[in-house]
Structures are given as structure tokens and as C-alpha cells.
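Undergrad: My structure is below; once you've seen it, I'll send some questions.
Each value in this text was obtained by applying a stated rule to the coordinates, not by laboratory testing. Quick caveat, the model's predicted, so the values are computed rather than measured. Backbone-built Cβ (ideal geometry, glycine too); neighbour counts: all protein chains shown.
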Amino acid sequence: MDWSPESWRSKKVAQEVAYDDPAELAASFEALRALPPLVTSWEIDRLRSQLADAQLGKRFLLQGGDCAESMADCRAEVIVDQLKILLQMSLVLIHGGKKPVVRVGRLAGQYAKPRSSPVETRDDVTLPSYFGDLVNRPAFTPAARRADPRLMVDAYRYSALTLNFIRSLSAGGFADLHHPEAWDLAFIKHAALEPELRASYERTCRQLGEALGFMEAIGENSVDQLTRVEFFTSHEGLNLHYESAQTRKVPRRDGYWDLTAHLPWIGERTRALDGAHVEFFRGIKNPIGVKVGPKADGAELVALLAALDPNSEPGRVSIITRMGAARVAEALPPLLDAVRASGRRVLWVCDPMHGNTTTTASGLKTRGFEDVLSEIEQTWEVHDALGTILGGVHLELTGADVTECVGGASGVREEDLQRNYATACDPRLNYAQAMEVAFRIARRMARKRRNSRPPR
Ligand code: PEP
Ligand code: CO
């Protein structure tokens, strides 16, 4: 294979960053290249084998986190909140599906953002858009919006700090979070929730508490195992200078590994078959994700898979569909059919966020909770009808009480959005909304298990 970590440079780079000083860019690239990796090839392999299980329906992927991480938010409480929500959701999903959940955060590197326009105009001033903290700064000034390659090195450092804390917490710092009694579930009492749903959420919590209590009662060993939690990292591999500087061979192993994250993905805007991103991703050993929107056609998707996964390796590709609630029923089936006809195995993941973004009259980006749920439900129905497996969800969420998406038992209304609208990019589900999504998915998983049990 005629490939190197830098062969992407000869291809067209979608969403290319306009760095204005080649020497400064080269210096940051070399600095990054000399730094140790953030993750190891063994961890990456472990994730890949778990994703291979998920392709067969033996595990379920929960991937979630910020749309855009911000360096200013690299703080203990923010990181803890993020892990807490992923952990609590995963326990609810394990309870519903009775299968292990693979937890993958959009964190420790989710610092680069594609934008629909390279420039932003306010009044009569036009400046480069904000492309994430890895590229430039959000403030609307020429200095802040200049693409600064040193921010790549800063993003690496903040990723390392984040990951260091995640690793410590995962090793046993979550003991108290295993009990629903310690969770913040007041939203379940909210008046807007249908009684039947409320009863279902309460039942899940009660049963989960009992099950965990039982596990603990069995013995010391299981308590210890229970409090050790595995998390993996992921981000959009958008800035190929950053990704390729940390892509290398490791001793006594074949191939090249992108050691910035376990699971990098290609975005909807950068997945051109002949483009730089596909060129880069085809050569790395990591499991990879590809975001796919409603305009994709089956033949194009199959060609992409052939380029990215020529040997059809288990766990290699996750296709993350993000169609929008209004379009998924018509746009998804042809893709599932085409991939099945190609004989390839992929992990199908639903991102119910990126096809459901709207803008309020006052100009805030938001998402409706009902649209998010509806896309998950409809995606599931399409998979069930065609006999394919929905193996995971990909969400933008936070463990904090933000007001960015409207609806759900959390009770956030459009007029509440201003109260705590904190995202650096797209609107995220808040704690209550994210938990409610988990309860709904778990409910569906449980129903499905009951229906597929052989009659006695
Ligand atoms: C994202 O995941 O934040 C994103 C930009 O998604 P997409 O590529 O699907 O638009
Ligand atoms: Co986003």
C-alpha cells in the first residue's frame, strides 16, 4: 500500500485550516511528533475487539460528550460530570439490554470543528470562523480568530491532562456513582412526564439498585471490579497535521497507529472518497468512525468502505448515521441495503443530534428532545425491519444542567435557553435529558428482549 502518515498532503483537504506561517506550522508539527502518545496500541486493539462484538449485537456502544471541548473547561468538575453521565447511562443501558456497554467519550481531543462557512460576519466585520480551540479562539477579534498552530500543542497538552484524570478516576474513583440512590433523578418526578414513563424509569432505578446491591453482597472481588470502569476516547480527526504528527509505528507491531485517541472519526463534511481525510484514515490501524448524512448514497458508501476497510476487518468501521428525524425513514434503508449487499460487516451507530439542529427566532442553535428520541426510535425500526443491528448511539451531551436542547422531562423550554446556554458549538443534552434518552433506549432494549424470548 502506497501510504504514509503524511500521504494525505497530496490530496484535497476539505475544511483546510489557513495557517499563514509555514515555519511556525512546521515547528508545532515537529514538537507534537516528539511528544509521547496519548493512548496505546493495546488499548486501541481492545476497543476494536469490543466494537467487533458490538457489530454482532453482543455489546452496545455509548459514545458521547461535548460537541466541542474547550480548554477553559479542562476542569475537574467538568470532566467528572462527563464521566458520571456516561457511566450512569451505561448502567441503565446494561440493565435494559443485559449486555455490556462500550463507553467512548467525545473527549480528551475533541478540539477541532468543521464549519459550514470558513468566515463569519458580524455587522460589517468578516473574520475567519471559529474552528475549535485546536485551531483558533472563539472571541470575535482578528487576533483570536487567527489560526495558530501552537494551539495544536496546547490541545495535546489539555488532552493529556484530561486523560490523566480520566485514567485515575476509572481506576476506582466511581464507587459511589454505582447507586441510583446517589443520582440526581428529581426530573423523574416532573409533572410533564407521562405516568407510565415515570413508573418505568422508577422501576429501572429500583431494579438497578437491587442488582448492584446484590453484586456487592457477593464479595469483595466484584465490588472492586464494579468500581473500575473502562472508558475510551474519540474525536473527529479533522486537523490532519495534529493527527499525523502523533501517528507512528510501535515496537514489534505492524502498521501505523493514530495515538491521539482510540477511536477517531471522519466527519460528514470531510469524507470525500478522493480527499485527504480518507487518504489518512485508510492507513491507520485504529477502529474508525464515519459520519453519514441523508445525502449519501449506497454506492458511495460502499466505495468508501472498500477504501477504508479493504479486508473487511472485524471492528474496523463504525458508520454513524445522522439523518434527522424527518428524513431517516427514507434515507437510511438504501444505505443498509447497499452495505448488506456488499457483504461487509460494519457497526451501525445512530447520531440523533446532527440532523436535528434548528435555530430559534433569537438566533440560538437548539435541538428538540422529541426529535432526538424520534430519530433513535425510527433508526431502530428501520434496522429491525431490514434485519440489521443498531449497535450504538452517538450523542452530544453533558452531565451539567445546561439549557441547550428543549423538551423532555427536564422541562427546558425555548424561553429557558438563555439561562445556561454554555456550549462552544452545538447544543448538548443536559443531565436529565441524557438520562432520559438512556431510560428510553433501555426500555426499548428490554421490550425487544422480552419479545424475542422463546415461548415457554
Ligand atoms: C460533530 O459530530 O460535531 C459533527 C460536526 O458532526 P457531523 O460531521 O456529523 O456534521
Ligand atoms: Co456537533
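Undergrad: In nm, what is the difference between 0.36 nm times the number of residues separating R447 and A303 and their Cα-Cα distance?
TA: Details: separation 144, 0.36 × 144 = 51.84 nm, distance 3.61 nm.
Gain on extension, R447 to A303, equals 48.2 nm.
Undergrad: Please give the helix 41-55 orientation as an angle from the longest Cα principal axis of the chain, in degrees from 0 to 90, rounded to the nearest 10.
TA: It works out to around 50 degrees.
Undergrad: Near the amide H of S318, under 5 Å away, which other amide H atoms are found, from residues 5 or more places off or on another chain, if H is placed in the peptide plane?
TA: Under 5 Å from the amide H of S318: I288, G289, V290, L347.
Undergrad: Right, something else. From the backbone phi of region 158-168, what are the Karplus-calculated ³J(HN,Hα) couplings (6.51 cos²θ - 1.76 cosθ + 1.60, θ = phi - 60°) in whole Hz, Gly and Pro given as x?
TA: For region 158-168, the Karplus-derived couplings read 5, 5, 5, 5, 4, 5, 4, 5, 4, 5, 5 Hz, x marking Gly and Pro.
Undergrad: Rank the residues R75, R443, R145 as a footprinting-exposure proxy: fewest other Cβ atoms within 10 Å of their Cβ go first.
TA: With the fewest neighbours first, R75, R443, R145 line up as R75, R443, R145.
Undergrad: I would also like to ask the following. Show the residues, 5+ positions off or on another chain, whose built amide H is closer than 5 Å to the amide H of V101.
TA: F60
Undergrad: Local charge sum around F165 (other residues, Cβ-Cβ under 15 Å, Lys/Arg +1, Asp/Glu -1)?
TA: Combined, the nearby Lys, Arg, Asp and Glu give 0.
Undergrad: Work out the P(r) tail for region 197-277: percent of alpha carbon pairs separated by more than 15 Å, whole number.
TA: Result: 74 percent of Cα pairs exceed 15 Å.
Undergrad: What chymotrypsin sites (Phe, Trp or Tyr not before Pro) in region 1-101 are in a loop by DSSP, with at most 16 other Cβ atoms within 10 Å of the Cβ? The partial results should precede the final answer.
TA: Numbers: sites: W3, W8, Y19, F29, W42, F60; in loops: W3, Y19.
Those that pass, being in a loop and sparsely packed, are W3.
Undergrad: Also: Binning at 5 angstrom from zero up to the longest distance, how are the C-alpha pair distances of region 72-145 distributed in percent?
TA: 3, 13, 17, 14, 12, 11, 10, 8, 6, 3, 1, 0
Undergrad: Any idea what angle helix 328-341 forms with the longest principal axis of the chain, computed on alpha-carbon atoms, 0 to 90 degrees, nearest 10?
TA: Roughly 80 degrees between the two axes.
Undergrad: Right, another one. Given charges of +1 on the Cβ of Lys and Arg and -1 on the Cβ of Asp and Glu, with all other atoms neutral, how large is the dipole of region 1-135 about its Cα centre, in debye to the nearest 20?
TA: I would put it at about 1080 debye.
Undergrad: Would you mind getting me the FRET efficiency between K12 and A217? Use the beta-carbon distance for r and R0 = 56 Å, nearest 0.05.
TA: Details: r = 60 Å, r/R0 = 1.07.
The computed FRET efficiency comes out at 0.40.
Undergrad: Next question, about the same structure. Looking only at the chain, where both bridge partners belong to it, what percent of the DSSP beta bridges are antiparallel (to the nearest 5)?
TA: 20 percent
Undergrad: Long-range amide H contacts for A424: which residues qualify at under 5 Å (H placed 1.01 Å from N, peptide plane, sequence gap of 5 or more or a different chain)?
TA: Under 5 Å from the amide H of A424: A68.
Undergrad: Hey, another quick one. For a footprinting-style exposure proxy, rank L193, L151 by other Cβ within 10 Å, fewest first.
TA: The order, fewest Cβ neighbours first, is L193, L151.
Undergrad: Starting from the Cα of T141, step 7 Å along the direction of its Cβ; do the same at A186; then give the gap between the two resulting points in nm.
TA: Here the modelled spin labels are 3.9 nm apart.
Undergrad: So how far apart, in nm, are the two label points at R203 and A171 if each is 7 Å from Cα heading toward Cβ?
TA: Inter-label distance under the simple model: 4.2 nm.
Undergrad: Measure nothing fancy, just the Cα-based angle from helix 298-308's long axis to the longest principal axis of the chain, in degrees from 0 to 90, nearest 10.
TA: Between helix and principal axis, roughly 70 degrees.
Undergrad: Can I ask one more? Label region 7-46 by shape, choosing from rounded, prolate and oblate, from the square roots a ≥ b ≥ c of the eigenvalues of the Cα gyration tensor; if a/c is under 1.5 it is rounded, and otherwise prolate applies when a/b is larger than b/c, oblate when it is not.
TA: Oblate, since a/c reaches 1.5 and b/c is not below a/b.
Undergrad: Going by a 4.7 Å Cβ-Cβ cut-off, which cysteines of the chain have no partner at all?
TA: Lacking a cysteine Cβ partner under 4.7 Å: C74, C205, C350, C405.
Undergrad: Report the percentage of all Cα-Cα pairs in the chain whose separation exceeds 44 Å, rounded to a whole percent.
TA: For the chain, the share of Cα pairs beyond 44 Å comes to 9 percent.
Undergrad: Please order F214, F187, F281 by the number of other Cβ within 10 Å, starting at the fewest.
TA: By the 10 Å Cβ count, ascending: F214, F187, F281.
Undergrad: Let me ask you something else. Hey, what's the Kirkwood Rh for region 134-244 if you take every pair of different alpha carbons, in angstrom?
TA: The answer is 18.3 Å.
Undergrad: What number, in percent, do you get for the relative contact order of the chain if the mean sequence gap of Cα pairs under 8 Å and at least 6 apart is divided by its residue count?
TA: Values: 859 pairs, mean separation 99.3, N = 456.
Relative contact order, the chain: 22 percent.
Undergrad: Something else: How large is ³J(HN,Hα), in whole Hz, for each residue of region 362-368 in order, when computed from phi with the Karplus curve 6.51 cos²θ - 1.76 cosθ + 1.60 and θ = phi - 60°, using x for Gly and Pro?
TA: For region 362-368, the Karplus-derived couplings read 7, x, 8, 6, 9, 9, x Hz, x marking Gly and Pro.
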